[in-house]
Amino acid sequence: MFEKNTSEQTAVSIRHLSKSFDGVEVLRDVDLEVREGDVVTILGSSGSGKSTLLRCINWLEQPDRGSIHIGGQRIGVNDAGRPMPVRELAKVRARTGMVFQSFNLWPHLNVLHNITEAPIHVLGKSKAEAEAHARELLEKVGMSPKADAYPNTLSGGQKQRVAIARALAMQPEVMLFDEPTSALDPELVGEVLAVIKDLSAEGYTMIVVTHEMAFSRAVSDKVVFLDKGLIIEQADPETFFTNPSTERVRKFLEREES
């Protein structure tokens, strides 16, 4: 069993982040700190800005205002305040690993090649090195027997576990999960959440957008609640779930429990 990382170092720092689409402000002056080794879960109703926040962290969406630092390095903008060149942006973005709702596996590649493609072509690893690491990761997520299978033969839960292994293969500093169980049948949710819990126990830094309340309570170091683009509450899980400070969160939790 790995010990939980208790580092005080900041893994992700977000300051005054705002983002609009078609004149509608989806994120409004968001501030958030995530320490190395922490698991932060982000809760909120549909349309509250949760997924947009994740996509801004790795610059899949460019914020209108504010700054994001990953491991002390600002993403998207260089020291001169200009947009980062593509290659520089790719290096900073590689410090995060993103797991999407819809898996995003390449259908024409088998499981092993889905995992090794980026480490070989982006990180410059040899085929042998990338495959050895991929097999270790498949063992970690319980998918070793499916190394030669193609995505269309896998269940949703299996696809998502492969997607997690693929993200880990890039050796990111921060893992981002965007509703990783929302596309799964209920009976498959547990197998994916178990993998994420194991990663938490190993000390991975993770930011997880989720609607799974019990999971959030069990794995989080901090729970963040977004409402209409604003962080209206953030607290340790015990405080958040038993003694929330805002009426909005109390009503949200009551509805989820009913």
field: Solvent-accessible area of ARG255 with every protein chain in place, 1.4 Å probe, in Å² to the nearest 10
entry: 120 Å²
message: If you take every DSSP beta bridge fully contained in the chain, what fraction is antiparallel? Give it as a percent rounded to 5.
response: 55 percent
- request: Please report, in cubic angstrom per residue, the volume enclosed by the convex hull of the alpha-carbon atoms of the stretch 153-229.
  value: 110 Å³
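Need the full-extension length gain, GLN9 to VAL122, defined as separation in residues times 0.36 nm minus the C-alpha distance. One decimal, nm. Write out the running numbers ahead of the final one.
Working: separation 113, 0.36 × 113 = 40.68 nm, distance 2.71 nm.
That works out to 38.0 nm of additional length.
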statement: Taking a straight Cα-to-Cα line shorter than 26 Å from LYS222, and setting aside same-chain lysines fewer than 8 residues away, one finds LYS4, LYS19, LYS50, LYS140, LYS197, LYS251
Exposure ranking of ASP79, ASP148 by accessible area [1.4 Å probe, largest first]: ASP79, ASP148
- line: Computed about the Cα centre, the charge dipole of the chain from +1 Lys/Arg and -1 Asp/Glu charges at the Cβ has a magnitude in debye, to the nearest 20, of 700 debye
Expected 222 nm ellipticity per residue - DSSP helices of 4 or more, -39500 (n - 2.57), all of the chain, to 500: -11000 deg cm²/dmol
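Kirkwood hydrodynamic radius, the chain, all distinct C-alpha pairs: what's the number in Å?
Values: mean 1/r = 0.0527 Å⁻¹.
In the chain this quantity evaluates to 19.0 Å.
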- prompt: For HIS211, what is the net charge nearby, where nearby means another residue's Cβ is under 9 Å from its Cβ and Lys, Arg count +1, Asp, Glu -1?
  reply: -3
message: Just to be sure I understand: with springs between alpha-carbon atoms less than 10 Å apart, which residue in GLY157, GLY81, GLY49 has the highest mean-square fluctuation in the Gaussian network model of the chain?
response: GLY81
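Which value in Å is the Kirkwood Rh of the stretch 117-258 over different Cα pairs?
On the way: mean 1/r = 0.0592 Å⁻¹.
Taking every pair of different Cα atoms in the stretch 117-258, averaging 1/r and inverting gives 16.9 Å.
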message: What is the percent carbon and sulfur in the accessible area of the chain, measuring with a 1.4 Å probe over the protein chains and ignoring ligands?
response: 47 percent
- prompt: Roughly how much of LYS146 is accessible, in Å² to the nearest 10, using a 1.4 Å probe?
  reply: 70 Å²
query: Separation between the GLN73 and HIS108 pseudo-spin-labels, each 7 Å from Cα along Cα→Cβ, expressed in nm?
result: 3.1 nm
- request: Skip the ligands, DNA and RNA, and give the accessible area per residue of the chain with a 1.4 Å probe, whole Å².
  value: 48 Å²
- prompt: In nm, what is the difference between 0.36 nm times the number of residues separating ALA194 and GLU25 and their Cα-Cα distance?
  reply: 57.3 nm
query: Which whole-angstrom value gives the distance between the alpha carbon centres of the stretch 117-156 and the stretch 241-257?
result: 41 Å
- request: Once you've got the GNM for the chain with C-alpha springs shorter than 10 Å, pick whichever of LEU53, LEU27, LEU184 has the biggest mean-square fluctuation.
  value: LEU184
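The values are calculated or read from the model by the stated rules, or taken from the named source; none is laboratory data. All of these numbers come straight from a predicted model, not from anything done at the bench. Heads up, the Cβs are rebuilt from the backbone with ideal geometry, glycines too, and the neighbour counts pull from every protein chain shown. These accessible areas exclude ligands, DNA and RNA; they are computed on the full protein's heavy atoms, side chains included. Shrake-Rupley method; radii C 1.70, N 1.55, O 1.52, S 1.80 Å.
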